[in-house]
Amino acid sequence: MASSDIVFLHAPTVYDFRKKPIFYGPVSDVVPSSPVFEMYPLGFMTMSSHLEEAGFRTRIVNLAVQMLQDEKFDVEKRIRSLDADVYAIDLHWLPHAHGALEIAKIVKKYHPDSIVEFGGFSSSYFCDELIMRPEVDMVMRGDSTEIPHVEMMRAIEKGGDLSLVPNLMWKDKSGKVHKNPMSYVPDSIDDVIFDYGTMIKNTLRHRDIKGALPWLNWDKNPLTSVFTVRGCSFNCSECGGSHSANKNFLCRSKPAFRSPEKLVEDICAIQDYLKAPIFIIGDLRQGGKDYAPRFFSEAKRQGVKNHIGLEMFKPGNKEFFSGLESSIGGYTMEFSPDSHDEAVRAALGKDYDNAAIEKTLTAAFENGCQRFDLFYMTGLPQQTRESAIYSASAAKKLWETVGPEKRLYIYNAPFAPFVDPGSKIFEDPEKWGYRMFARTLEEHRALLDNPSWKQVLSYETIWMDKDAIAEASYDAAQVLTDIEFSVGRIDKEVYDFRSERTGTARDLMHRIDGIMKIPDPEERDAKLWEVKADGERIMLSTVCNKKDLDWKTGSIWTNAPRVVSGLLKSTLSRGRRSQSVNVAD
């Protein structure tokens, strides 16, 4: 008997990044993880929760984190030591196209009789190409695969008919490919089991804290997440999670929401384990006019005390922010206008003006918002270099609007490295003014093997080629730094440090451009290795100060008493769910 029925494996973007001279650049400056993108999808936890409740033994192994923690960590040894019937590898975000496929090959090398399964958005989009690879046995398609995974594992365990498992693409023993219908697309996600206790219990079971971390240093500065929705009612042209993308390749014609009451229940369950910030994925207002008020009422009734982070997909008003202030312990907002150029924003499908952004910031800070993160990008439709710089320079007025002492953080980073598959731009690039350098999964995988982030870009536009996008990204970063210093948000020491770092990153990119022109492969490779250390030194914060993203909180070790109490509550809750299922049967 295998020690686990299914092991969920998370790979780095590039395997093995430790043995390659790579200059990552600013591709991950505005997300919690490093350029290795070691953060695994939240679906690992929900799938694991459903499978555990159904009686299957699961395990999450974050290979990317362990590779970052220890440069001597032996990936092949770790994979060889695992024992499972199924190895499930996420290819959710396309930047994992290289690492995920290489990890699959290693799994097949040491476990040839086990099943290698892929899942996630990118897996769903490229399923026909993915299933043809010899290291891939199955692809689970869709955005809600908890129940299909339980049915798949039951079929595997009992030798059942895999053709009855919804959403599954699979090979039979002869190698023939079968593509089951995408028949499981739930209208509601209230039935999803959302329990951080599953992750904690699995960590204790396998005595593997390092291997189960969601991302590097999560244990020192934990941030948790809950979700309001799968699918989206918005149709932004650059987004692979837009309404049209969901409809066209995930068969989701409308969003599926988690009720406000279940959402608060999820938040309170996390509070039982950790006194840590909780980020709500999805705009509370997307679920209809009564969704946010219901959330406010329930959060106040149940006593939500942890700090809450929230997304906004459109501007907000005083009523919304005052509702937040009165119902929860404290909150932070994240808003992505993407550009301060109204013409560019309109091309993205975002139909609000700059005045609305200013009013949103004012209303938020006047109604208890403790921090507001605003995000802009470079490399968008209709965007010239001047337009990109304008987004950075507009920060001065925004800080003057709310006061430079307010915790308004403004980020400006490149739209990198890939255009999302399924997005309107990806599906019809010429219409949007884009030239694509990768269309297939293999073409994206090959791009990731380049040494410079600029060479990895899967696109350029008719307004800016790759060189212009890269240069404008660094120019915008410097303008933003200049403005922060001029309004008094940073001192001279920080200003000099950030300016020097941006300049070093730009110079390093130019050095790599020159090295890549060397005709002799051995000399070219040797020169790339000479600059590897310089690239690693600035990999975590290139054009932004990544530490600004941290939400200061205690480590998981300071939450030990809560964890014990939370595990007891989780066990009781699981028992009640099992009883209700038995009664229903």
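The values are calculated or read from the model by the stated rules, or taken from the named source; none is laboratory data. Computed from a predicted structure; not experimentally measured. Positions of Cβ are backbone-derived with ideal geometry, glycine not excepted, and every protein chain shown enters the neighbour counts.
The table below lists the values:
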quantity	calculated
Residue ranges of strands (runs of 3 or more DSSP E) in the stretch 83-155 with at least 1 members among the hydroxyl-bearing types (Ser, Thr, Tyr) and buried (at least 24 other Cβ atoms within 10 Å of the Cβ)	84-90
Yes/no for GLY403 being in contact with an Asp or Glu (Cβ under 6 Å, 6 or more places away or on another chain) and surrounded by fewer than 20 Cβ atoms within 10 Å (Cβ to Cβ)	no
The listed residue being touching a residue at least 12 places away in the same chain (Cβ under 8 Å), touching a helix residue (DSSP H, G or I) at 6+ places or on another chain (Cβ under 6 Å) and under 28 Å from LYS350 (Cα atoms), out of LEU284, LEU274, LEU310	LEU284
Only one of THR384, THR360 that is buried (at least 23 other Cβ atoms within 10 Å of the Cβ) and either at pLDDT below 95 or not basic (Lys, Arg) (or both)	THR360
Count - residues of the stretch 282-301 that are loosely packed, with under 15 Cβ neighbours inside 10 Å and outside any helix (DSSP H, G or I)	3
Matching residues, the stretch 425-448, being over 20 Å from HIS92 (Cβ atoms), in contact with a helix residue (DSSP H, G or I) (Cβ under 6 Å, 6 or more places away or on another chain) and not hydrophobic (A, V, I, L, M, F, W, C)	TYR434
Some residue of the stretch 330-352 being in contact with a His (Cβ under 8 Å, 6 or more places away or on another chain), under 23 Å from ASP290 (Cβ atoms) and either surrounded by 16 or more Cβ atoms within 10 Å (Cβ to Cβ) or not aromatic (Phe, Trp, Tyr) (or both)	yes
Residue match in the stretch 15-26 (condition: of a type in the set (Phe, Trp, Tyr), outside the structural domain of ILE410 (by TED's automatic domain parsing), assigned to a loop (DSSP other than H, G, I, E, B) and surrounded by fewer than 23 Cβ atoms within 10 Å (Cβ to Cβ))	no
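Listed here are the residues, each with its yes/no results for (1) over 22 Å from GLY309 (Cβ atoms); (2) not assigned by TED's automatic domain parsing to the domain that holds PHE313.
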residue: ASP208; (1), (2): yes, yes
residue: LEU213; (1), (2): no, yes
residue: LEU216; (1), (2): no, yes
residue: SER233; (1), (2): no, no
residue: SER237; (1), (2): yes, no
residue: CYS251; (1), (2): yes, no
residue: LYS254; (1), (2): yes, no
residue: LYS262; (1), (2): no, no
